[in-house]
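Single-structure report; data block below.
The values are calculated or read from the model by the stated rules, or taken from the named source; none is laboratory data. Owing to the predicted nature of the structure, the values given are computational and were not obtained by experimental measurement. Using ideal geometry, Cβ is built from the backbone for each residue, glycine included, and neighbour counts are taken over all protein chains shown.
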Amino acid sequence: MVLYYVPLLCIKHFSHRMKKALITGILGQDGPYLAKLLLEKDYKVYGLIRRYSNPNFENINYLGIADDIEYIEGDLTDESSLMNIIKNIRPDEVYNLGAQSFVHSSFEQAKLTTEVNSLGVLYLLNAIKQFNPTARFYQASTSEMFGLGNDGGFQDEKTAFHPRSPYGVAKVYAYWITVNYRESYGMFTANGILFNHESPIRGKQFVTRKVTDGVARIKYGLQEKLHLGNLEATRDWGFAGDYVEAMYLMLQADTPDDYVVATGEHHSVEELVTLAFKHAGITDWKKYVAIDPRFVRPAEVPHLRGRATKAREKLGWRPKVSFEELVKMMVDADLKRYEEKN
Ligand code: NAP
Ligand code: F7E
């Protein structure tokens, strides 16, 4: 009996091929969370990084997976590097998270934002089409494409786009070229239209982390004031760790499609500020906050709130972390960072 079973087990073991995933934007916020999820699912993870004198591995180190990823040098604005990477790796799944993702900077750097966020997607799709057309492709689309669309209500997959920044405009191109390659060439391409999602490794320019980092610094006497722009804007804020699960699920579906990913709740920047200060034990936040025109945008997206019914029904996805839990998680992480430095 044993003699029969051993070879069978060996065959099973060797026939299991590890799936390969390529992630662009691996050193950003979402890249490390997605990489961690895929590593847990036994994927071989490749991460595209730009050439730097000193690349910043802080986020990937924070999640403790820096040594588990194979890094490859390339750039979304360099089509030839993408062609070589796809040709050499032949990934099963490609997650395009790389972008100039800060809306405010996109007004000052509109050309760069367009080159990375629009043309970069075209180049990557072309590389896949030419060298690995069966790879499944995820495009990091965004609620910023809605902009003014359905102001005040919910936005979903049927809401018209009305972007309000060069960032949003560039992402609309990326969205449609992703749809177009699916319709034209039968490629498995999916857009995740993700609403704002945050975490302890969110970039410090974005309002959630700017606030939680500022609160921690104020608490430890390292900063006197927190300078902010429009406190009335509302956003549908979720946790990045939850949202990368939706990305993964989109590429496991039987057919490629586009999905809104959101919590369905929205809160104002002022609510965020109040909650963050309160969690750090500071109740009179107005003493510490200054409104600063430098942080007001030439055109604002006043309100965003998504309806993720399709993702729930078709992918079985739903968010787990609430807004309150998210803010507390981020404040605690920043307090801990400064506590450790003191
Ligand atoms: P992020 O923290 O800003 O990370 C973006 C990453 O893109 C960085 O690692 C950056 O590399 C990389 N990148 C920038 N330009 C590049 C280029 N020319 N070539 C290759 N890589 C480049 O953004 P995120 O919050 O993780 O978001 C991930 C994606 O989702 C982005 O596409 C963003 O636009 C989109 N999105 C984000 C949200 C959100 O709320 N977080 C919502 C909807 C959509 P360096 O590390 O070298 O700078
Ligand atoms: O701003 C207001 C600001 O920069 C949120 C990106 O990940 O999510 C993100 O874009 C709101 C805006 O994110 C400050 O005017 C007030 O109304 O954190 P943010 P964003 O612009 O919503 C989308 C979905 C993406 O796709 C993007 O890549 O907060 N606000 N005062 C401020 N914002 C900032 N950054 N700084 C302030 O001082």
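Okay, residues lined up against (1) at pLDDT below 95; (2) within 17 Å of Phe188 (Cβ to Cβ):
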| position | (1), (2) |
| --- | --- |
| Val103 | no, no |
| Ser118 | no, no |
| Ala127 | no, yes |
| Gly152 | yes, no |
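Conditions first: (1) closer than 30 Å to Ile218 by Cβ; (2) over 20 Å from the mean Cα position of the chain (by Cα). Lys314 passes all but one, so which condition is the exception?
Answer for Lys314: the failing condition is (1).
Conditions (1) at pLDDT below 95; (2) under 15 Å from Asp236 (Cα atoms); (3) of a type in the set (A, V, I, L, M); (4) surrounded by fewer than 19 Cβ atoms within 10 Å (Cβ to Cβ), marked per residue:
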position: Val296; (1), (2), (3), (4): no, no, yes, yes
position: Ala299; (1), (2), (3), (4): no, no, yes, yes
position: Gly306; (1), (2), (3), (4): no, yes, no, no
position: Arg312; (1), (2), (3), (4): no, no, no, yes
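For region 42-59, state whether one or more residues are surrounded by 15 or more Cβ atoms within 10 Å (Cβ to Cβ), in contact (Cβ under 8 Å) with a residue 60 or more places away in the chain and not aliphatic (A, V, I, L, M).
The initial filter retains those residues of region 42-59 that are surrounded by 15 or more Cβ atoms within 10 Å (Cβ to Cβ), namely 43-50, 57, 59.
This time we only want the ones that are in contact (Cβ under 8 Å) with a residue 60 or more places away in the chain, so: 59.
Adding the requirement that they be not aliphatic (A, V, I, L, M) leaves 59.
Checking region 42-59: at least one residue is surrounded by 15 or more Cβ atoms within 10 Å (Cβ to Cβ), in contact (Cβ under 8 Å) with a residue 60 or more places away in the chain and not aliphatic (A, V, I, L, M).
Mind listing just one residue for me: the one in region 175-192 that is hydroxyl-bearing (Ser, Thr, Tyr) and farther than 21 Å from Lys314 by Cα and, of those, nearest to the chain's Cα centre (by Cα)?
Residue satisfying both the conditions and the ranking: Tyr181.
One residue is enough: does region 99-121 have a residue meeting the conditions crowded, with 17+ Cβ neighbours inside 10 Å, in contact (Cβ under 8 Å) with a residue 24 or more places away in the chain and more than 13 Å from ligand 1 (Cβ to nearest atom)?
The answer is no; no qualifying residue exists.
Given the conditions (1) without any contact (Cβ under 8 Å) to a residue 24 or more places away in the chain; (2) within 26 Å of Phe146 (Cβ to Cβ); (3) buried (at least 16 other Cβ atoms within 10 Å of the Cβ), and given that Val327 satisfies all but one, which numbered condition is not satisfied?
Among (1) without any contact (Cβ under 8 Å) to a residue 24 or more places away in the chain; (2) within 26 Å of Phe146 (Cβ to Cβ); (3) buried (at least 16 other Cβ atoms within 10 Å of the Cβ), Val327 violates only (1).
One line per residue, one yes/no per condition, for (1) in contact (Cβ under 8 Å) with a residue 60 or more places away in the chain; (2) in contact with a Cys (Cβ under 7 Å, 6 or more places away or on another chain); (3) surrounded by fewer than 17 Cβ atoms within 10 Å (Cβ to Cβ):
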{"residue": "Tyr181", "(1), (2), (3)": "no, no, no"}
{"residue": "Gly186", "(1), (2), (3)": "no, no, yes"}
{"residue": "Ala190", "(1), (2), (3)": "yes, no, no"}
{"residue": "Phe195", "(1), (2), (3)": "yes, no, no"}
{"residue": "Ser199", "(1), (2), (3)": "yes, no, no"}
{"residue": "Lys204", "(1), (2), (3)": "no, no, yes"}
{"residue": "Thr208", "(1), (2), (3)": "yes, no, no"}
{"residue": "Asp213", "(1), (2), (3)": "yes, no, no"}
{"residue": "Ala216", "(1), (2), (3)": "yes, no, no"}
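Quick check on my filter: what residues within region 279-333 are within 28 Å of Phe154 (Cβ to Cβ) and of a type in the set (Lys, Arg)?
Arg297, Arg305, Arg307, Lys310, Arg312, Lys314, Arg318, Lys320, Lys328
Being within 16 Å of ligand 2 (Cβ to nearest atom) and either in a loop (DSSP other than H, G, I, E, B) or closer than 23 Å to Gln252 by Cβ (or both) is the filter here; which residues of region 81-132 pass it?
Across region 81-132, the qualifying residues are Tyr95, Asn96, Leu97, Gly98, Ala99, Gln100, Ser101, Phe102, Gln109, Val121.
Picking from Asn150, Asn180, Asn230, Asn191, which residue would you name as being farther than 28 Å from Lys41 by Cβ and touching a Ser or Thr at 6+ places or on another chain (Cβ under 7 Å)? Even if it seems obvious, please write down each step before you answer.
Working: Asn180 fails: touching a Ser or Thr at 6+ places or on another chain (Cβ under 7 Å); Asn230 fails: touching a Ser or Thr at 6+ places or on another chain (Cβ under 7 Å); Asn191 fails: farther than 28 Å from Lys41 by Cβ.
It is Asn150.
In region 133-159, how many are in contact with a strand residue (DSSP E or B) (Cβ under 8 Å, 6 or more places away or on another chain), β-branched (Val, Ile, Thr) and either outside the structural domain of Leu22 (by TED's automatic domain parsing) or not in a strand (DSSP E or B) (or both)?
Let us first name the residues in region 133-159 that are in contact with a strand residue (DSSP E or B) (Cβ under 8 Å, 6 or more places away or on another chain), namely 134-143, 145-146, 149, 151-152, 154-157.
Adding the requirement that they be β-branched (Val, Ile, Thr) leaves 134, 142.
Okay, now just the ones that are also either outside the structural domain of Leu22 (by TED's automatic domain parsing) or not in a strand (DSSP E or B) (or both), so 134.
Qualifying residue count, region 133-159: 1.
Arg90 fails exactly one of the following numbered conditions: (1) away from ligand 1 (no atom under 13 Å from the Cβ); (2) at negative phi; (3) among the charged types (D, E, K, R). What is the number of that condition?
Here Arg90 clears every test but (2).
Checking Trp285 against (1) assigned by TED's automatic domain parsing to the domain that holds Ala135; (2) within 25 Å of Pro200 (Cβ to Cβ), which test does it fail?
Unmet condition: (1).
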